[in-house]
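Reviewing the structure listed below.
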Amino acid sequence: MNDFEINTLVRENIRKLLPYSSARSEFNGKASVFLDANENSFGSESGQNYHRYPDPLQKELKQKISLLKQIPASNIFLGNGSDEAIDLLIRAFCVPGKDNIILFPPTYGMYQVAANINDVEIREVSLTPEFQIDVEAALKVVDNNTKLIFICSPNNPTANLIKDTDIKILLDSFKGIVVLDEAYIDFAAKESWLNKLLQFPNLVILQTFSKAWGLAGLRIGMAMASEFIINILNKIKPPYNIGEATQKLALDVLEKDEKVREWIQLILAQRAWLVDELDQFGFVKKIYKTDANFVFVKVEDANKLYEYLIQNGIAVRNRTNMLLCENCLRITVGTSIENQLLVKTLNNYR
Ligand SMILES: *Cc1c(COP(=O)(O)O)cnc(C)c1O
C-alpha cells in the first residue's frame with residue numbers, strides 16, 4: 001500500500017486558505033424570505049427561478065450522479081467541464097515555478113496548457129510506439145516536487161486504453177496523485193476504475209458529460225476522489241461554478257440515461273462500420289484499435305487529405321504534428337448520414 005501523505009502534498013497556502021463564504025453556503029436552515037444575497041427579489045424575466053444564486057455544491061445533482069455511478073456524493077466534485085477540475089488540481093497541488101507534473105504525450109492538450117498557465121513544470125515521458133506507458137521511464141523522472149501524473153485512458157487522440165497493470169503500478173509506487181482521465185470510458189470495452197476508487201487514496205478519476213451524454217455545450221465535468229481531495233477542490237473553486245440552468249438541465253438529462261445507453265450502442269455500431277469502410281482505402285495505412293467515440297488513422301499524406309476534406313465541408317482533426325502521430329487524423333464517429341458522406345467523399349479522393 002502506498003504510504004503517501006496527502007496533507008503535505010497540498011500547497012501550504014491552499015491548506016491554510018480560508019475559503020470565500022457565500023451567502024448561500026453560510027445559510028443552511030429553512031427560510032421563505034431571502035434577503036441575504038443581494039439578488040433581485042422581484043424575479044427574473046426568464047420566467048424561471050434564475051434570480052437566485054445556484055446551490056454552490058450542486059447537492060441534488062450530485063445525489064443523482066451518486067446513484068448512477070454507485071459512489072457517495074461526498075466523493076464527487078463538479079466543475080465547469082472537466083477542464084476546470086484539471087486546472088484546480090494543478091493549482092491545489094503544484095507550487096508555481098517549483099513543482100512539476102508528468103504527462104505522457106501524445107495526449108490531451110489541456111493538461112499542458114493548464115500547467116503552463118500556472119507556471120508548473122511539465123515532464124514528458126513519451127508513450128511507447130504501441131501508445132502504452134513506459135512505467136520505468138515515468139518513475140525515473142519523478143522527484144520530490146512531482147505532484148501529479150496525468151493518464152488519459154482511453155487516450156485522446158490515440159483512442160486506446162492504457163493497461164490496468166501499468167496504472168496500478170503507478171498508483172502503488174508514486175507518492176503523489178494519479179489523475180486518470182476517463183472522458184471516453186463509456187465507449188470502451190472495459191470497466192471504469194471508479195469501482196476501485198476508494199482503494200486508492202491518491203487516485204482522481206475525471207469523467208465528463210461532454211461526450212456520451214451529449215452535453216458538451218452545457219459544461220459539466222466530474223472529478224471523483226477521496227473526500228479529502230474533493231474538499232480541497234470545493235474549497236478553491238469559484239463559489240457558484242455551475243449555473244442554475246446547467247444544474248436543472250443536467251438533472252433532466254440524468255433521467256434519460258436509457259437514451260444515453262442507446263446512443264452509445266449506435267455510436268459503437270457506427271464506429272465498427274466506419275472502421276470497415278476506411279480499411280478499404282489504399283491511402284489509409286493504419287487504423288488503430290479504438291475504445292473511444294473516434295477513430296485514429298494513419299494515412300499517406302495527412303495534410304493533403306485534411307485539406308481535401310475541408311474543401312468538401314468535412315472537418316476532422318489533423319494530428320500529424322504531435323509526437324508519434326505523423327500523418328495521423330482523428331475522426332469523430334458521426335451519425336450514419338455523416339459517416340456515409342465522409343466515405344462517399346473519400347471515394348472521390350484524388
Ligand atoms: C473531451 C475531453 C474532456 C472533456 O472536457 P470537458 O471540459 O468536460 O468538456 C476531458 N478529457 C479529455 C481527454 C477529452 O478528450
Legend entry - helices (runs of 4 or more DSSP H) contained in segment 7-123 and holding at least 2 residues at pLDDT 95 or above: 12-15, 59-69, 82-93, 110-117
Legend entry - Of all residues making up segment 124-152, the number that are more than 24 Å from residue 96 (Cβ to Cβ) and among the acidic types (Asp, Glu): 3
Inset, instruction - State which residue pairs qualify: first residue within 14 Å of residue 150 (Cα to Cα) and inside segment 81-92, second residue within 8 Å of the ligand (Cβ to nearest atom) and among the aliphatic types (A, V, I, L, M) in any location, beta carbons under 7 Å apart, and separation of 6 or more residues or different chains. - result: 82/183; 82/206; 83/110; 85/206; 86/110
Legend entry - Residue selected from segment 125-157 under the condition over 15 Å from the mean Cα position of the chain (by Cα) and among the hydroxyl-bearing types (Ser, Thr, Tyr), by the criterion surrounded by the most Cβ atoms within 10 Å (Cβ to Cβ): 146
Inset, instruction - Inspect segment 154-176 for any residue being closer than 25 Å to residue 10 by Cα and within 13 Å of the ligand (Cβ to nearest atom) and give the result as yes or no. - result: no
Inset, instruction - Can you run down the residue pairs with Cβ atoms below 8 Å, 6 or more apart or on separate chains, where the first is in segment 174-190 and free of Cβ contacts under 8 Å to residues at least 60 places away in the same chain and on the phi < 0 side of the Ramachandran plot and the partner is more than 12 Å from the ligand (Cβ to nearest atom) and assigned to a loop (DSSP other than H, G, I, E, B)? - result: 178/200; 178/202; 182/192; 185/192
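Among the listed residues 304, 248, 286, identify the single one that is at pLDDT 95 or above and touching a Lys or Arg at 6+ places or on another chain (Cβ under 6 Å). Steps first, answer last, please.
Working: 304 fails: touching a Lys or Arg at 6+ places or on another chain (Cβ under 6 Å); 248 fails: touching a Lys or Arg at 6+ places or on another chain (Cβ under 6 Å).
The match here is 286.
Name the single residue that is farthest from the ligand (Cβ to nearest atom) among those in segment 50-64 being farther than 14 Å from residue 242 by Cα and in contact with a helix residue (DSSP H, G or I) (Cβ under 7 Å, 6 or more places away or on another chain). Show your work before the answer.
Looking only at segment 50-64, we keep the residues that are farther than 14 Å from residue 242 by Cα, and these are 51, 63-64.
From the residues that got through so far, the ones that are in contact with a helix residue (DSSP H, G or I) (Cβ under 7 Å, 6 or more places away or on another chain) too are 63-64.
Details: 63: 20, 64: 18 Å.
Selected residue: 63.
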Inset, instruction - For segment 220-232, state whether one or more residues are over 20 Å from residue 67 (Cβ atoms) and without any contact (Cβ under 8 Å) to a residue 40 or more places away in the chain. - result: yes
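Here is a yes/no grid of residues against (1) in contact (Cβ under 8 Å) with a residue 40 or more places away in the chain; (2) at positive phi:
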{"residue": "33", "(1), (2)": "no, no"}
{"residue": "43", "(1), (2)": "no, yes"}
{"residue": "58", "(1), (2)": "yes, yes"}
{"residue": "74", "(1), (2)": "yes, no"}
{"residue": "122", "(1), (2)": "no, no"}
{"residue": "133", "(1), (2)": "no, no"}
Inset, instruction - Spot the failing condition for residue 100; the list is (1) within 16 Å of the ligand (Cβ to nearest atom); (2) touching a Cys at 6+ places or on another chain (Cβ under 8 Å), and only one is missed. - result: (1)
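The values are calculated or read from the model by the stated rules, or taken from the named source; none is laboratory data. Since the structure is predicted, the reported quantities are computational estimates derived from the model, not experimental observations. Ideal geometry is used to build each Cβ from the backbone, glycine not excepted, and the neighbour counts take in all protein chains shown.
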